[in-house]
Amino acid sequence: MTERTQTRQTQAGTGLGFGALFSKHVISARYVAGAWSGLEVRDFEDLRFSPAAMVMHYGQAIFEGLKAFRATDSDEVLIFRAADCARRFDRSAARMAMPPLPAGMFLDAVRTLVGVDVAEVPSVPGSSLYIRPVMFADEPSLAVRPSTEFSFLVLASPVDSFFASGRTMIDAYAQSSHIRAALGGTGDVKCSGNYAGAMAAKADAQRHDCDEVLWLDAREHHYVEEFGAMNCFVVRGSGERAELITPPLAGTILPGHTRATVITLAGRRGLTVLQEPIELGQVLDDGGPVSEVFACGTAAGVAPVHRILTDTGRERIIGDQPGPLTAQLAADYVAVTHGQLEPEPDWIIRI
Ligand code: PLP
Ligand code: COI
């Protein structure tokens, strides 16, 4: 193990941030000559690759993100929505001309890693073990075609706050000079290239003291799509007549599991949830019907939006406190991930 790797590992604690510290093990498998090897448990340490490994030239790579939480009222560790991640990983692989994993391998790998590194699942409220499965092309070749060799790895990172600013309400920067995804592209799968193409916009957001990019539709820059690493919800109206709205899954946004979870939890509370296009203009309208905005994703959880700034110079303060529905759904999300609210079948694996 290199010194760098060693010093970056940690025991569970506070002030973890996101993705800077890693648990002790990695699960791995390789795909060569048309077949996957079995899974191996390895120490977390640097890997060796050919300088010609295809991923470094053509970016053929996909990943997933899921979390293991300590249950509030038992000794169990709960892995949230792993089966959904396995299905999305398969979809991403197919879109990127990568081989599917054998049935059950994704879940076996996740279960095995959480089992061997269970001591590193943090217990402080707001913390969890973030699990990162990844697959990438490592055939040594500069030929421009799908690779014939791949590595599958699952690593994990004890985390708390996703946002580097440490803010609990986030500021978002709406982009109209870059786009994230267009119909027929890769916006609805989790390939690494989606994030690479978004880094310039993220840097722009950071320069404007914003936590996240708010992506708009590619054609007109008129409709809200999603945040850089989260889906988007708005609340229209208030009180009895409040409606929750999120953009439809029309091929350019990532079908988030937190989005799906929020829709289910909102339904349980009897809230109206609409999946329909959201006009940026309505969201920015101070006197308009949009009363709350929140982002949601595995890494970030449910994150209320404080302010939206656009690259055309418009700004709206949504609120200095989380709105009532946002707060309710954020609390429900924490409760269901920590075993305090009944999950749907298939949502939780217990370790
Ligand atoms: N949208 C993007 C672009 C993301 O990267 C993520 C995070 O994975 C999400 C949405 C939310 O997805 P999920 O809730 O499955 O984590
Ligand atoms: C997640 O929420 O799991 C993500 O993958 C988003 C981001 C960290 C890339």
Would you grab the residues whose amide H sits under 5 Å from the one on SER161? Only those 5+ places off in sequence or on another chain, please, with H modelled 1.01 Å from N. LEU16, GLY17
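Let a ≥ b ≥ c be the square roots of the eigenvalues of the Cα gyration tensor of the range 126-213; is it rounded (a/c under 1.5), or, if not, prolate (a/b larger than b/c) or oblate? Intermediate results must be reported in sequence, preceding the final value.
Working: a/c = 2.73, a/b = 1.35, b/c = 2.02.
Oblate is the answer for the range 126-213, as a/c is 1.5 or above yet b/c matches or exceeds a/b.
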Distance between the range 9-73 and the range 237-276 - C-alpha centres, whole angstrom: 32
For the chain, the charge dipole (Cβ of Lys, Arg +1; Cβ of Asp, Glu -1; about the Cα centre) points to a positive end, and the Cα of MET230, LEU66, GLY185 closest to that extreme belongs to GLY185
Rh by Kirkwood over Cα pairs, then Stokes-Einstein D for the range 5-107 at 1.306 mPa s and 10 °C, µm²/s: 96
Given the options ASP108, ASP311, ASP73, state which has the largest fluctuation in a GNM of the chain using a 10 Å cut-off (strictly under) for Cα springs. ASP73
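Would you mind computing Rg(Cα) / (2.2 N^0.38 Å) for the range 83-162, counting N as its residues? If you can, show how the numbers build up before the last one.
Details: Rg = 15.2 Å, N = 80, 2.2 N^0.38 = 11.6 Å.
Normalised Rg, Cα atoms only: 1.31.
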Once you order the gyration tensor axes a ≥ b ≥ c over the Cα atoms, which shape class does the range 11-50 get: rounded for a/c under 1.5, otherwise prolate or oblate by comparing a/b with b/c? prolate
Calculated diffusion of the range 185-316, Stokes-Einstein form, Kirkwood radius summed over Cα pairs, 10 °C and 1.306 mPa s, µm²/s: 104
What does the helix-only formula give at 222 nm for the chain: each DSSP H stretch with n ≥ 4 adding -39500 (n - 2.57), the total divided by the residues, and the result rounded to the nearest 500 deg cm²/dmol? -6500 deg cm²/dmol
Could you tell me how many degrees, from 0 to 90 and to the nearest 10, lie between the Cα long axis of helix 82-95 and the main elongation axis, the longest principal axis, of the Cα atoms of the chain? 80
Positive end of the dipole of the range 241-351, charges at C-beta (+1 Lys, Arg; -1 Asp, Glu), about the Cα centre: which of ILE349, GLN321, THR272 has its Cα farthest in that direction? ILE349
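To the nearest 20 debye, what charge dipole does the chain have about its Cα centre, counting +1 at the Cβ of each Lys and Arg and -1 at the Cβ of each Asp and Glu? List each step's numbers first, then the result.
Details: 31 positive and 42 negative charges, 110 e Å.
For the chain, the charge dipole is close to 520 debye.
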Below 14 angstrom from the Cβ of PRO100, what's the summed charge of the other residues (Lys, Arg +1; Asp, Glu -1)? +2
What FRET efficiency comes out for GLU40 versus ARG207 if R0 is 35 angstrom and r is the Cβ-Cβ distance? Round to the nearest 0.05. 0.25
Between rounded, prolate and oblate, where does the range 180-235 land on the alpha carbon gyration tensor, with a ≥ b ≥ c its root eigenvalues, rounded for a/c under 1.5, else prolate if a/b exceeds b/c? oblate
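Based on Cβ point charges of +1 for Lys and Arg and -1 for Asp and Glu, what charge dipole magnitude is obtained for the range 263-318 about its Cα centre, in debye rounded to the nearest 20?
Numbers: 5 positive and 7 negative charges, 61 e Å.
Charge dipole of the range 263-318: 300 debye, to the nearest 20.
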Working from Cα positions, state the angle (0 to 90°, nearest 10) between the long axis of helix 324-337 and the longest principal axis of the chain. 20
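Step by step: find N for the chain, compute 2.2 N^0.38 Å, then divide the Cα radius of gyration by it. What's the final number?
On the way: Rg = 20.2 Å, N = 351, 2.2 N^0.38 = 20.4 Å.
So the Cα radius of gyration is 0.99 times the expected 2.2 N^0.38 Å.
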In a Gaussian network model over the chain where Cα atoms closer than 10 Å are linked, find which of ARG241, ARG307, ARG91 has the largest mean-square fluctuation. ARG241
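Grab the eigenvalues of the alpha-carbon gyration tensor for the range 144-189, scale each by 5, take roots, and send me the semi-axes largest first in whole angstrom. Please list the in-between numbers first.
Numbers: eigenvalues 179, 114, 13 Å².
Semi-axes, largest first: 30, 24, 8 Å.
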Considering every Cα-Cα pair within the range 286-346, what fraction, in whole percent, is farther apart than 15 Å? 59
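Taking 1 over the mean of 1/r across every pair of different Cα atoms in the range 246-302, what Kirkwood radius in Å do you get? Walk me through the intermediate numbers first.
Values: mean 1/r = 0.0786 Å⁻¹.
In the range 246-302 this quantity evaluates to 12.7 Å.
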Picking from THR272, THR298, THR168, which is most flexible by a Gaussian network model of the chain using Cα springs under 10 Å? THR272
Charge dipole (debye, nearest 20) of the range 217-271; +1 at Cβ of Lys and Arg, -1 at Cβ of Asp and Glu: 260
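Since every read-out is calculated from the coordinates, none of them should be taken as a lab result. This is a predicted model, so every value here is computed, not measured. Neighbour counts run over all protein chains shown; Cβ positions are idealised from the backbone, glycine included.
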